[in-house]
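Notes follow once the structure below has been shown.
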Amino acid sequence: MTAPLIAIQFNSPVNKHYKHSETILSDSEPAIAKPSYSKREASRLHILDAARELVMEIGYQSVTMTVVADRAGVSRATLYRYYSTKEQLYSDVSIQWGINFVDHMRQNPPQGNTIGERITEVIRATVNASADNTRLMAAHIATMISDEDTLKADQRRLKTLIPGIIKVAAGKTDAENLELAASTLQHVLISNLILLHAGKAQRSHIIIEMESIAARLLAEVWDQP
């Protein structure tokens, strides 16, 4: 059985070195920035930890800004200085999870003798971790499908997550379809997570579908080391 590569990241405190950029994973820029110890940043990260804990405990629909403020030990006025809506708050929680995901991926790269084996490990670990943390994934899905204009940049950033780790798993390859395969898998994953959350899909079927798509689109390099 494949080890849950990134399952721990759903329950981990937010990365204290978060910084904004258009992508979560970049070849030219490290995911971890120099730490900031400002009082404002520490307060924001504390709020995100509280929000993450609450959604894991009571679910996204039950979380309110008042409850988050109470858990974080800040006033509602302070909370609203950082986030004007619950959607904005959980968008940031999702991005923080994405950064933790990438950091863990870099420190614990997928094992396998071929590109196909490594990509398969990433797919299985991602789907299993998502299925095991449905409450947090509900918040992630809400962020991804929101039509709130202020979330557009965050949505673009979150869409780089799966393509980024697929490229890490593939390694240095010049496969023509790598970009297409990565973006396709991102769309398939989000669509299936929505169905999974609604009880209309099973994780095993999602894994099989994603592995099949990846193998078909990357057939030319699937068995390469």
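The values are calculated or read from the model by the stated rules, or taken from the named source; none is laboratory data. Just so you know, these numbers come straight off a predicted model, no measurement behind them. Note: ideal-geometry Cβ built from the backbone for every residue, glycine included; neighbour counts use all protein chains shown.
Out of the helices (runs of 4 or more DSSP H) lying entirely within segment 129-199, which hold 1 or more residues that are out of contact with any Phe, Trp or Tyr (no Cβ under 7 Å at 6 or more places or on another chain) and charged (D, E, K, R)?
Answer list for segment 129-199: 152-158, 161-170, 178-197.
Can you pull out every residue in segment 53-78 that is within 22 Å of the chain's Cα centre (by Cα) and at positive phi?
GLY59
Applying the selection to segment 70-90, what residues are outside any helix (DSSP H, G or I) and either aromatic (Phe, Trp, Tyr) or within 30 Å of ALA169 (Cβ to Cβ) (or both)?
Correct list: TYR83 only.
Contact list please: Cβ distance under 6 Å, first residue in segment 126-150 and farther than 19 Å from GLY164 by Cα, second residue surrounded by fewer than 22 Cβ atoms within 10 Å (Cβ to Cβ) and of a type in the set (Lys, Arg), pairs at least six apart or on different chains.
Sorted first by the residue in segment 126-150, then by its partner, the pairs are ALA131/ARG203.
Take the conditions buried (at least 21 other Cβ atoms within 10 Å of the Cβ), without any contact (Cβ under 8 Å) to a residue 60 or more places away in the chain and closer than 24 Å to ASP103 by Cα and apply them to HIS187. Does it pass?
So HIS187 does not fit the description; no.
Kindly provide the set of residues from segment 149-180 that are hydroxyl-bearing (Ser, Thr, Tyr) and under 21 Å from LYS86 (Cβ atoms), ordered by number.
Across segment 149-180, the qualifying residue is only THR150.
Which one is surrounded by the most Cβ atoms within 10 Å (Cβ to Cβ) among residues in segment 105-148 that are of a type in the set (Ser, Thr, Tyr) and closer than 29 Å to TRP222 by Cβ?
For segment 105-148, the residue satisfying everything is THR126.
Quick one: which residue in VAL14, VAL102, VAL93, VAL67 is farther than 30 Å from ASP223 by Cα, of a type in the set (Val, Ile, Thr), part of a helix (DSSP H, G or I) and modelled with pLDDT under 95? Walk me through how you get there before you give the answer.
Values: VAL14 fails: part of a helix (DSSP H, G or I); VAL102 fails: farther than 30 Å from ASP223 by Cα; VAL67 fails: modelled with pLDDT under 95.
Result of the check over VAL14, VAL102, VAL93, VAL67: VAL93.
Being out of contact with any helix residue (DSSP H, G or I) (no Cβ under 7 Å at 6 or more places or on another chain) and either under 20 Å from MET144 (Cβ atoms) or surrounded by 22 or more Cβ atoms within 10 Å (Cβ to Cβ) (or both) is the filter here; which residues of segment 158-178 pass it?
The one that is out of contact with any helix residue (DSSP H, G or I) (no Cβ under 7 Å at 6 or more places or on another chain) and either under 20 Å from MET144 (Cβ atoms) or surrounded by 22 or more Cβ atoms within 10 Å (Cβ to Cβ) (or both): THR160.
Kindly list, by first and then second residue, each pair from a residue in segment 200-218 that is surrounded by 13 or more Cβ atoms within 10 Å (Cβ to Cβ) to a residue that is aromatic (Phe, Trp, Tyr), limited to pairs with Cβ atoms under 6 Å and residues at least 6 apart or on different chains.
Listed by first residue and then by second, the contacts come to ALA215/TRP222.
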